[in-house]
Amino acid sequence: MSRLELLVGDPAPAFPTAVFLKGTPFSAFEPGHVYVVECWATWCGPCLSTIPHLTQMQKDHPDVRFVGVAVWEDDIKSVRAFVAEKGDEMGYAVAFDVGEPAASGGWMPHHWLLPAYQNGIPTAFIVDREGRIAWIGHPAVMKEVLPSVVDGTFDIRAATDRYAAWIRESMTREKSALQAAVQSHLKADDNAGAIQAYDAAIAECPRLESEVGLEKLRLLLRTPDSAALAYGSRLVTTFGSDFPFLKRATASEIVGALEDDTVLHQRQPLARFVIDLIRNLEAEKSEEDAYEACVRARCLAIAFLEEGQPAEALRQAEAAIVHGRTADLHERALDGLQSLVDRCAGSVATHSPKTPTVVCDGDVCRIV
């Protein structure tokens, strides 16, 4: 186990230096007490939706010390105003993490969230009476666990094994290390090094490829060589049967790169690959889903444009907007589809053959 990890069963890290905006302040976990530490932010919609749930749980467990620690926030004044406006709706202690500057990530993310392989919020931690991390997860499902931690019947050994199994089976540790390596290369504008990092990680853990292959494809599409087409084909052939979503996702990645004009090589072969891939997807579909149909038609429209078939591209773009309306897409998304329709229509007009003009002079006619 890496000392940088924080897993269920480990001693809880130190509580951050914090400004308490509500509730009784504390600076350390006292033995014999159960704590719930939730990481949240004012800009996080799911975090706000858990506030009533946490308030009710605090009422149900008055001896448990609940504290919501605001993370990834720059302005304590805005958080203070938010908490004041909520009033009794936030029926538990609230603190602002000042242990490390928000610009560098903050104490809670560096010492709690990221070491536990939690890169999103809301995330809650239950600290048991012995100061150990008993549970890590979304606060909405915490009510299934907290009562047993409070009454002492919680099996922390089994919980430790379950969390370790999740880390192992989800390849979370490998994905985290890979992401750190890739980001290091990308910050140095070293795309080739980032691709090599994917290759090395996949060679060491082949199961990883089905989950990170699209990320590697994204880089290959923006690299000045011709490897993207072969790799896209490999992804679909190798994993498409077990992971059907991968086919459409692969087509979407290629289409996105074609749209951004970041593909430097094999643009038309990539477009043909997308067309064949989507056609195969359409043949496999037994039930029509409006959103999926919209995405597929949009991919086809862009691919046909790239391949020089504007009339077919226009037909697909018009189909995409029809499916988009059926799927009740947001107005902005529909505007984007309409722009695609207009673009295809403009391309049709540009590529349409001109109607010949016949000019007759006496007994001689010619086409001009």
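Scanning segment 228-246 for residues that are at pLDDT below 90 and in a helix (DSSP H, G or I), we see that the one that is least open to solvent (accessible area, probe 1.4 Å) is Leu246.
Please indicate, with yes or no, whether at least one residue in segment 213-225 is surrounded by fewer than 18 Cβ atoms within 10 Å (Cβ to Cβ), out of contact with any helix residue (DSSP H, G or I) (no Cβ under 9 Å at 6 or more places or on another chain) and part of a helix (DSSP H, G or I). The answer is no; no qualifying residue exists. The criterion of at least 1 residues that are more than 22 Å from Thr55 (Cβ to Cβ) is met, among strands (runs of 3 or more DSSP E) falling completely within segment 90-161, by 133-137.
For (1) in contact with a strand residue (DSSP E or B) (Cβ under 9 Å, 6 or more places away or on another chain); (2) more than 19 Å from Ile136 (Cα to Cα), each residue gets a yes or a no:
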| residue | (1), (2) |
| --- | --- |
| Pro52 | no, yes |
| Val67 | yes, no |
| Ile76 | yes, yes |
| Val83 | yes, yes |
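Just one of the listed residues (Leu258, Leu208) is part of a helix (DSSP H, G or I), open to solvent by less than 20 Å² (accessible area, probe 1.4 Å) and within 21 Å of Ala297 (Cβ to Cβ), and it is Leu258.
For segment 176-190, filtered to residues that are out of contact with any helix residue (DSSP H, G or I) (no Cβ under 6 Å at 6 or more places or on another chain) and open to solvent by less than 60 Å² (accessible area, probe 1.4 Å), the residue that is farthest from Pro224 (Cα to Cα) is Ser176. Out of Thr153, Thr123, Thr172, Thr160, one residue alone is open to solvent by 50 Å² or more (accessible area, probe 1.4 Å), within 30 Å of Val34 (Cβ to Cβ) and of a type in the set (Ser, Thr, Tyr). It is Thr153. For segment 342-366, name all the residues that are surrounded by fewer than 18 Cβ atoms within 10 Å (Cβ to Cβ) and either at pLDDT 90 or above or closer than 14 Å to Ala290 by Cβ (or both). Within segment 342-366, Asp342, Arg343, Ala345, Gly346 qualify.
The values are calculated or read from the model by the stated rules, or taken from the named source; none is laboratory data. Since the model is a prediction, treat every value here as computed from it, not as a measurement. Backbone-built Cβ (ideal geometry, glycine too); neighbour counts: all protein chains shown. Accessible surface is based on the protein model in full, side chains and every heavy atom, while ligands, DNA and RNA are left aside. Shrake-Rupley method; radii C 1.70, N 1.55, O 1.52, S 1.80 Å.
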